[in-house]
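Below you'll find the structure, written out as structure tokens, and then a few comments.
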Amino acid sequence: MDFLVLFLLYLAFLLIGVVTICIFTKNQRLKGLILRGAQVCSCIIPQRLQRAGQRLLHQLFHTRNPAFIVLHLLLQALVYAEYTCEIFGYCQELEFSLPSLLLPYVLLSMNLVFFTLTCSSNPGTVTKTNESSLLQVYEFDDVMFPKNSRCSTCDLRKPARSKHCRVCDRCVHRFDHHCVWVNNCIGAWNTRYFLIYLSTLTASAATIAIVSAAFLVRLVALSDLYQETYIDDLGHFQSMDTIFLIQYLFLAFPRIVFLLGFVMVLSLLLAGYLCFALYLAATNQTTNEWCRGDWAWSQRCPLVAWAPPATPHAYQNVHSRGVWSNLGEVFLPATPCPEKKRN
């Protein structure tokens, strides 16, 4: 099978997998099928392997640990090392403009700054000091966020749009999700850092992909490879086609072509997630609210919880105030003032 066909199959498999995961997280019936499938597999897999797998998954996804931060930085270092050692030097020989070659490093610097801010900043931890002031920020809808409810773990009143993170063991104001890649929750006070971090990461991957593709295209143009011929399996001369040209480039520059394929897939995945995150910010929703939207509708209509919603937007978002106000709320979040002690 040709290299290009294998790469396209790999790309299609990744994209279908991501779309499938998104659909499964929104559909309660599909979640039930997954649980039943897991129960069937548990009857086949030995108990020792199950316990070892559970411990590993718990360590990775249910406790705070820097494993994914280390993996994130390692992958970033490998990509930029390959870009510096291979592509940068070749592009200088082909007289690429210096600003275009330095742009990935500028984006990397910005990305590391906001990555550090996202990792280390307070996402909006609810404490006894700011509990009362955070209760005033958002209105309760009495469906997804019931009034006067208390956190069973923290024993604090739960502000609207907050959630207790089991990984960090704290209630987070305007909780979005817990991100393993930054080993921190994404909440009201660091969503802005997370969005800029995600934007610069997407831009850096896309820039490296564009520079790498431009290098290969210019190389083909300067060497007139598209005018060459080759002998096929039957011994006939064939003119150079796109598939054979890509395979030839892969044999001549395997690391550059592999890097190009990796950053292309990464750019598509990151761009898709970035668009989703910006959509949530523009509509003043959180990932937690988006995922629990179906549950909230079934709570409103318990008699017909088995039926699909009558309209595409069954859960009404009461927090949206227009695109610019919503974005302003994300990038300029209100910080509660500490309460004054009464004499």
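Tabulated values for the structure
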read-out: Under-5 Å amide H pairs with R170, H placed in peptide plane, nonlocal only; value: C165
read-out: Cα-projected label distance for L269 with V167, points at 7 Å along beta-carbon direction, nm; value: 1.6
read-out: By average C-beta atoms within 10 angstrom, highest first, the peptides 71-81, 274-284; value: 274-284, 71-81
read-out: Highest average packing first - 246-256, 207-217, 186-196, 165-175, Cβ atoms within 10 Å; value: 186-196, 165-175, 207-217, 246-256
read-out: Peptide ranges 94-100, 266-272 listed from the most packed, as the mean C-beta count within 10 angstrom indicates; value: 266-272, 94-100
read-out: Net +/- balance of residues flanking N288 in space, Cβ distance below 10 Å, scoring K and R +1, D and E -1; value: +2
read-out: V217/L9 FRET efficiency (R0 30 Å; Cβ-Cβ; nearest 0.05); value: 0.80
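Read-outs: derived from the displayed coordinates by stated rules, not from any lab. Bear in mind the structure is a predicted one, so any value in this text is a computation, not a measurement. Cβ sites come from the backbone with ideal geometry, for glycine too, and all protein chains shown count toward neighbours.
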